[in-house]
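Working notes, beginning with the structure itself.
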2 protein chains.
Amino acid sequence: MAESKGTQSGESLLFLTDEQLRKGIEAMFFAYRGFTSDPDKILEAHGYGRAHHRAVHFIARAPGTTVNALLEVLGVTKQSLNRVLRALIAHELVESRVGKQDKRERHLHLTQKGLALEAELSQAQRTRMRRAFSQAGPDAVVGFKQVLEAMMDEDQKAYFNALKESDQ
Amino acid sequence: MAESKGTQSGESLLFLTDEQLRKGIEAMFFAYRGFTSDPDKILEAHGYGRAHHRAVHFIARAPGTTVNALLEVLGVTKQSLNRVLRALIAHELVESRVGKQDKRERHLHLTQKGLALEAELSQAQRTRMRRAFSQAGPDAVVGFKQVLEAMMDEDQKAYFNALKESDQ
DNA sequence: TGGGAATGTCAATGTGGCTGACATATGACG
DNA sequence: CGTCATATGTCAGCCACATTGACATTCCCA
């Protein structure tokens, strides 16, 4: 896109004061609070926490994903995820199916109950996101995504840009 | 700014698919992880956590702020903040001064040690923010801030837009 | 003088991270 | 076949950080 001056790799070296950057930092802080507040209320009513939401979200995004893949995208230890998954499976929100090709693997799927909770959570979050996008306008949405992607670590960008893959 | 169609209050009712909104949601998730990762490493080396960072940040932003004001901006209970503040004061990163006008209030200030840690933390965070802003470009920065502000709750917007005030 | 505000603190509890250790089932390879 | 590695599950203990509830102190103010 825009390569006005003489910079090589898209780094346009803006004049960014510490004060402007501080505003950006605080924007992330406050916005993330708003971003999580709606699901948090729903989760509390159901007796779950943010960890359950994250697991449910990524299982919904990639049905049939394995435990290891989920561990990587969530960035937690298996012991931490296990506690969450055990509850979700016990409450019949998640189903764990033995892999057909590799029987060591467990492929995770949401049940009807799991899909219902996921729908409730993601609808609340999408409603806020839709409102924010609509208020800010289409150009702002593009900028929003560009900045956020540039803020990620490289390995996380990969997860972000990956869509779905297997099942079974 | 741009009020193209015939919408009244800046809500331009974009065509936003669930998939686009999901990308926005995941962008927030992954970007926030990157956003916090640099300070987290520094904090761990010093034996502190994210809670200490938040306290130090907002004391640095508004020197002389009171405990109550800090409680409100952080959105935690006084018992939770107390544990953090006690450690920061014991380790001489924060100084608590009795108010001159209202002696019930404690006005919080960073010491030299506190300022040093805050500088280390905020510099790491600003570096990432500066890189993201530079990669994305000035227009994207504007959009980023617009969307994030629109994602906040109303009361949090007030804290976001407030600068500093008193001291003493 | 009495109520309420600002602060500090103790205790108990819950969530969600972590490390370390160990067990089981299965795949892969020589 | 035997061996090693992989994928998963689980137990135990620890830590950070949040909560509620209760209570004490100091101080402002009507």
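Against the condition at pLDDT 95 or above, in a helix (DSSP H, G or I) and more than 7 Å from chain B (Cβ to nearest Cβ), how does A:LEU148 come out, does it pass?
Spelling it out, it is not the case that A:LEU148 is at pLDDT 95 or above, in a helix (DSSP H, G or I) and more than 7 Å from chain B (Cβ to nearest Cβ).
Take region A:53-96 and flag every residue that is assigned to a helix (DSSP H, G or I) and in contact (Cβ under 8 Å) with a residue 40 or more places away in the chain.
Hits for region A:53-96 are A:HIS53, A:VAL56, A:HIS57, A:ILE59, A:ALA60, A:ARG61, A:VAL67, A:GLU72, A:VAL73.
Can you name every residue in region B:97-113 that is among the basic types (Lys, Arg) and not in a loop (DSSP other than H, G, I, E, B)?
Within region B:97-113, B:ARG97, B:ARG106, B:LYS113 meet the criteria.
Out of region B:36-66, which residues are within 14 Å of DNA strand C (Cβ to nearest atom) and either out of contact with any His (no Cβ under 9 Å at 6 or more places or on another chain) or modelled with pLDDT under 95 (or both)?
Passing the criteria: B:SER37, B:LYS41, B:GLU44, B:GLY49, B:ARG50, B:ALA51, B:ALA55, B:PHE58, B:ALA62.
Filter region A:102-117 down to residues that are touching a residue at least 12 places away in the same chain (Cβ under 8 Å) and within 16 Å of DNA strand D (Cβ to nearest atom), then give me how many there are.
Looking only at that region, the number is 8.
Can you pull out every residue in region B:19-50 that is under 18 Å from B:HIS91 (Cβ atoms) and within 13 Å of another protein chain (Cβ to nearest Cβ)?
Residues satisfying the conditions are B:PRO39, B:ARG50.
State whether the residues of region A:118-134 include one that is of a type in the set (A, V, I, L, M, F, W, C), away from chain B (no Cβ under 14 Å) and in contact (Cβ under 8 Å) with a residue 12 or more places away in the chain.
Within region A:118-134, not a single residue is of a type in the set (A, V, I, L, M, F, W, C), away from chain B (no Cβ under 14 Å) and in contact (Cβ under 8 Å) with a residue 12 or more places away in the chain.
Taking the condition of a type outside the set (Val, Ile, Thr), on the phi > 0 side of the Ramachandran plot, more than 14 Å from DNA strand D (Cβ to nearest atom) and touching an Asp or Glu at 6+ places or on another chain (Cβ under 7 Å), does B:GLY143 pass?
no
Name, by its number, the condition in (1) within 17 Å of the chain's Cα centre (by Cα); (2) surrounded by fewer than 17 Cβ atoms within 10 Å (Cβ to Cβ); (3) under 19 Å from A:GLU118 (Cβ atoms) that does not hold for A:ALA62.
Of the numbered conditions (1) within 17 Å of the chain's Cα centre (by Cα); (2) surrounded by fewer than 17 Cβ atoms within 10 Å (Cβ to Cβ); (3) under 19 Å from A:GLU118 (Cβ atoms), the odd one out for A:ALA62 is (2).
The values are calculated or read from the model by the stated rules, or taken from the named source; none is laboratory data. A quick note: this is a predicted structure, and the numbers were derived from the prediction, not measured. A quick note on method: Cβ atoms are made from the backbone with ideal geometry, for glycine too, and the neighbour counts reach across all protein chains shown.
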